[in-house]
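J.: Encoded as structure tokens, here's the structure I'll be asking about.
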Amino acid sequence: MKILAPILEDVLKRNPNEPEFHQAVKEVLESLEPVAQKNPKWVEAGIFDRIVEPERQIMFRVPWVDDAGKVHVNRGFRVQFNSAIGPYKGGLRFHPSVNLGIIKFLGFEQILKNSLTGLPIGGGKGGSDFDPKGKSDNEIMRFCQSFMTELCKHIGPDTDVPAGDIGVGGREIGYMYGQYKRIRNEFTGVLTGKGLTYGGSLARTEATGYGMCYFVEAMLKAKGNSFQGKTVVISGSGNVAIYGCEKATQLGGKVVALSDSNGYIYHKEGIDLAAVKRIKEVERKRIQAYLEVHPEAEYHEGCAGIWNIPCDIALPSATQNELNEEAAKTLVKNGCIAVGEGANMPCTPEAVEVFLQNKVLFGPAKAANAGGVATSALEMSQNSMRYSWTFEEVDAKLQSIMANIYKNASEAAKEYGVEDNYVVGANIAGFLKVAETMYAQGII
Ligand code: NDP
Ligand code: 2IT
């Protein structure tokens, strides 16, 4: 890296103690070096300097009272990273590990991911260090109401449209939507991932997992291969993992493992997804409870061991940096041919290098999991029209969006001389539209 090295150095210096943000920016700037060399006018216009600095970062106090009457204080975040091509768009994460650096890494990735979808959405992300585990519905509701009481001052259907992420699903979106409507007295599409009775889109729940499988299927198809008859390992057991499991199975794969942060289940005969949905979506229990229904399956403590299971396709769908170099080497040794990142940045840079070196087809998060936010943008369109498409219509649009993302990432990789490197391809394809737009809109 030559032209962009000083920008990375500056990011590291000005944003201390934010290793995930550093990691995300480093990967992108490395990919973009040839783009900078080809486009000196973008360098002169400070496009690269500006894209790594959020337009706005909001941090706020979120006080709430638990069922025993005790007061708690959490920290809320919304990073409005880039609005060149549309309103800020990106999820909200509720997890104790959340801090400003995590939200910035996610918001930065979201700029390029959202651009890749081909839809008019800018990049943003938010959340809180609140831990939803073990909380009652009433506690979750009070927290969501307090969080939205502040957040509602900064968002709007044409300004910034949050959605779900880790720890934020339909229940939380419902409570936050209710509070927004109550305070602002507006019934608008200010959040996506809404319930179907108040403006949600069919297929949004399924979209990230389904989209990931459509992307992986496209990578496989280009090599004359498919999901048919493949053994699949998926980490996590949340929204992305569950619907990734559903689509991988529909496409002819056999999913044999799922996990949570405590451990993983291994079911050689294939995961019983109806049981998983009941355990996770209805009963909100740990994945270990799967053994109460299927005592013939195995449960192992510790989530990292899941990558030791031999598989053809690995779909890390839990969290950042969950799959390291050693795990990548084990997967390669066991014959893995394709990896799709359902989560955001689940593979460490060293792991990605192992996959690329060994010609494992690698679908990076910005491309592979973009189906979720793309379908959120379709929800926004439906809300603007005050109309709803059928499940089949939304799913058909999702399939065509994922096919386009594959095409654009693979063509960009080819054009820049790194065929089959979808990491570089996705970064470049996503960046070009944002850079062109930032250039056209002047120094702002
Ligand atoms: P959920 O909250 O539904 O599920 C998260 C899953 O990941 C749970 O099984 C959880 O286990 C596990 N997990 C979370 N944190 C950790 C951790 N630190 N170590 C190990 N396991 C962990 O979230 P989603 O399925 O929505 O999100 C999963 C990933 O997909 C995230 O990276 C998210 O950013 C990304 N993503 C989500 C999209 C969406 O539309 N929902 C869209 C695009 C990307 P446990 O219950 O033990 O915490
Ligand atoms: O990481 C992501 O793309 C999401 N969590 C989904 C964001 C959205 O606005 O649907």
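J.: Rounding to the nearest 20 debye, state how big the charge dipole of the stretch 211-329 is about its Cα centre with +1 on each Lys and Arg Cβ and -1 on each Asp and Glu Cβ.
T.: 360 debye
J.: Helix-only estimate, please: 222 nm mean residue ellipticity of the chain, summing -39500 (n - 2.57) across DSSP H runs of length 4 or more and dividing by its residues, to the nearest 500.
T.: Mean residue ellipticity at 222 nm (helix-derived): -14500 deg cm²/dmol.
J.: Rounded, prolate or oblate: which one fits the chain, using the alpha carbon gyration tensor with axes a ≥ b ≥ c (rounded when a/c is under 1.5, else prolate when a/b beats b/c, else oblate)?
T.: Since a/c stays below 1.5, the shape of the chain is classed as rounded.
J.: Additional query: Projecting each Cα onto the charge dipole of the chain (Lys/Arg +1, Asp/Glu -1 at the beta carbon, about the Cα centre), which of VAL98, MET59, ILE309 comes out farthest on the positive side?
T.: About the Cα centre, the residue reaching furthest to the positive side is MET59.
J.: Right, next: Rounded, prolate or oblate: which fits the stretch 193-305 when a ≥ b ≥ c are the square roots of the eigenvalues of the alpha-carbon gyration tensor, with rounded for a/c under 1.5 and prolate only if a/b beats b/c?
T.: The shape class here is oblate.
J.: Please list the non-local residues whose amide H lies under 5 Å from the amide H of VAL168, H modeled 1.01 Å from N, same-chain partners needing a gap of 5 or more.
T.: Long-range HN contacts for VAL168: PHE94.
J.: List the lysines whose Cα lies under 21 Å from the Cα of LYS277, skipping any in the same chain that are fewer than 8 positions away.
T.: Counting by Cα, and skipping residues close in sequence, LYS277 has these lysines nearby: LYS133, LYS135, LYS194, LYS247, LYS254, LYS268, LYS285.
J.: Please report how far the C-alpha centroid of the stretch 263-309 lies from that of the stretch 324-342, rounded to the nearest whole angstrom.
T.: 21 Å
J.: If I stretch the segment between ARG75 and ARG386 completely, what's the gain in nm (0.36 nm per residue apart, minus their alpha carbon distance), one decimal?
T.: 108.5 nm
J.: So, one more: Mind jotting down the distance between the C-alpha centroids of the stretch 200-241 and the stretch 1-61, whole Å?
T.: Going from one Cα centre to the other spans 31 Å.
J.: Could the peptides 50-62, 206-218 be put in order, highest first, of the mean number of other beta-carbon atoms found within 10 Å of their residues?
T.: 206-218, 50-62
J.: For the stretch 7-72, give the magnitude of the charge dipole about the Cα centre (Cβ charges: +1 Lys/Arg, -1 Asp/Glu; no others), in debye to the nearest 20.
T.: Computed about the Cα centre, the dipole is about 200 debye.
J.: Output ³J(HN,Hα) for the stretch 46-60: one whole-Hz value per residue in order, computed from phi by the Karplus curve 6.51 cos²θ - 1.76 cosθ + 1.60 with θ = phi - 60°, and x for Gly and Pro.
T.: x, 4, 5, 5, 7, 5, 8, 10, x, 5, 7, 10, 10, 10, 8
J.: Output the antiparallel fraction of DSSP beta bridges having both residues in the chain, as a percent to the nearest 5.
T.: 55 percent
J.: If you don't mind, another one. If you count, for each residue, the other Cβ atoms within 10 Å and average over each peptide, how do 149-160, 167-178 line up from highest to lowest?
T.: 167-178, 149-160
J.: I would also like to ask the following. Taking amide H positions as placed in the peptide plane 1.01 Å from N, state which residues far from GLY90 in sequence (5 or more) or on other chains have amide H under 5 Å from it.
T.: GLY124, VAL161, ALA163
J.: Something else now. Please compute the net charge surrounding GLU246, taking Lys and Arg as +1 and Asp and Glu as -1 over other residues with Cβ under 10 Å from its Cβ.
T.: Local charge sum for GLU246: +1.
J.: Which of the helices in the chain, when you take each full DSSP H run, stretch at least 18 Å along the axis at their Cα atoms and have an average Kyte-Doolittle score of -0.5 or higher?
T.: For the chain, where a helix must reach 18 Å along its axis and average at least -0.5, the hits are 19-38, 100-116, 137-151, 204-222, 370-385, 391-415, 422-440.
J.: How far apart, in nanometres, would the label points at ASP66 and THR159 be if each is projected 7 angstrom from Cα along the Cα-to-Cβ direction?
T.: In this crude label model, ASP66 to THR159 measures out at 3.3 nm.
J.: Would you mind computing, in nm to one decimal, how far apart the modelled labels at GLU269 and ARG184 are, each placed 7 Å from Cα along Cα→Cβ?
T.: So the label points at GLU269 and ARG184 sit 5.0 nm apart.
J.: Determine the sum of side-chain charges near ILE111: Lys and Arg each +1, Asp and Glu each -1, restricted to other residues whose C-beta is under 12 angstrom from that of ILE111.
T.: +4
J.: While we're here: Run the numbers for GLU281 and ASP420: contour at 0.36 nm per residue of separation, minus the present Cα-Cα distance, in nm.
T.: Value of the extension gain: 46.4 nm.
J.: Have a look at TYR387, TYR299, LEU4 and report the one farthest towards the positive end of the charge dipole of the chain, computed about the Cα centre with Cβ charges (Lys/Arg +1, Asp/Glu -1).
T.: TYR387
J.: Mind listing the long-range amide H neighbours of GLY363? Cut-off is under 5 Å, sequence gap 5 or more, other chains count too, H placed in the peptide plane at 1.01 Å from N.
T.: Here VAL339, GLY340, GLU341 satisfy the definition.
J.: Related question: Under a Cβ-only charge scheme (Lys and Arg +1, Asp and Glu -1), can you give me the dipole magnitude of the stretch 150-272 about the Cα centre, in debye to the nearest 20?
T.: 200 debye
J.: Test of understanding: what is the full-extension gain from ARG14 to LYS407, defined as 0.36 nm times their sequence separation minus their Cα-Cα distance?
T.: Stretched out fully, the ARG14 to LYS407 stretch lengthens by 137.9 nm.
J.: While we're here: Rounded, prolate or oblate: pick one for the stretch 135-210, where a ≥ b ≥ c are the square roots of the eigenvalues of its C-alpha gyration tensor, a/c under 1.5 means rounded, and failing that, prolate if a/b is larger than b/c, else oblate.
T.: Oblate.
J.: Can you tell me the order of 279-286, 79-86 when each peptide is scored by its average per-residue count of other Cβ atoms within 10 angstrom, highest first?
T.: My ranking of the peptides, most packed first, is 79-86, 279-286.
Any read-out appearing in this document is the output of simple, stated calculations on the displayed coordinates, not a laboratory observation. Here the structure is a predicted model, which means the values were calculated and not measured. Because the Cβ atoms are built from the backbone with ideal geometry, glycine has one as well, and the counts that use them run over all protein chains shown.
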